[in-house]
Amino acid sequence: MKSNAYYCNLNAGIRICLTLSFLTKGTTHPVGQSSVDLWLDTVDSFHECGMHHIAHKVDEAVCNVVEKCGVEK
């Protein structure tokens, strides 16, 4: 049986993907560099927890946001 921490991390990954998906559809304003750094740190955390599939989905969503909206300087 999976631990509660696993399901909390899974839930967080899903929320992040939904938020990033909304950003790609709802805005064209650039996102901040600190936000991108935080999202990529989260990707690293998912890899450390062994949640590689979620990490790749979040990483893909971050790339989509950066490609569509750009990053503030």
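Each value in this text was obtained by applying a stated rule to the coordinates, not by laboratory testing. Predicted, not measured: the structure shown is a model, and the values here were computed from it. Every residue, glycine among them, receives a Cβ derived from its backbone with ideal geometry; neighbour counts consider all protein chains shown.
Taking a spot 7 Å from the Cα of TYR6 along the direction of its beta carbon, which residues of the range 16-58 have an amide N less than 17 Å from it? Counting backbone N atoms under 17 Å from the label point, the list is 46-55.
The residues neighbouring VAL43, those whose beta-carbon lies less than 15 Å from its own, together hold a net charge of -4 under the Lys/Arg +1, Asp/Glu -1 convention.
Do the sum for the chain: with -39,500 (n - 2.57) for every DSSP H run of n ≥ 4, divided by all residues, what is the mean residue ellipticity at 222 nm, to the nearest 500 deg cm²/dmol? Could the numbers behind the result be given before it?
Values: 3 runs with 57 residues, N = 73.
-26500 deg cm²/dmol, from helical runs alone.
Projecting the Cα atoms of VAL66, PRO30, ILE14 onto the dipole axis of the chain, where Lys and Arg carry +1 and Asp and Glu carry -1 at the beta carbon, places ILE14 farthest toward the positive end.
Over the range 4-69, the fraction of Cα-Cα pairs per 10 Å bin, rounded to whole percents and listed from the shortest bin up, is 23, 54, 21, 2.
Once the Cβ-Cβ distance between ARG15 and GLU72 is put in as r, and R0 is 30 Å, what FRET efficiency do you end up with, to the nearest 0.05? Display every interim value, and only then the final one.
Values: r = 23 Å, r/R0 = 0.76.
E(calc), rounded to 0.05, equals 0.85.
Taking 0.36 nm per residue of separation and subtracting the current Cα-Cα distance, fully stretching the chain between HIS29 and HIS56 would add 7.3 nm. In a DSSP loop and with at most 12 other Cβ atoms within 10 Å, the trypsin sites (Lys or Arg not before Pro) in the range 1-41 are LYS2.
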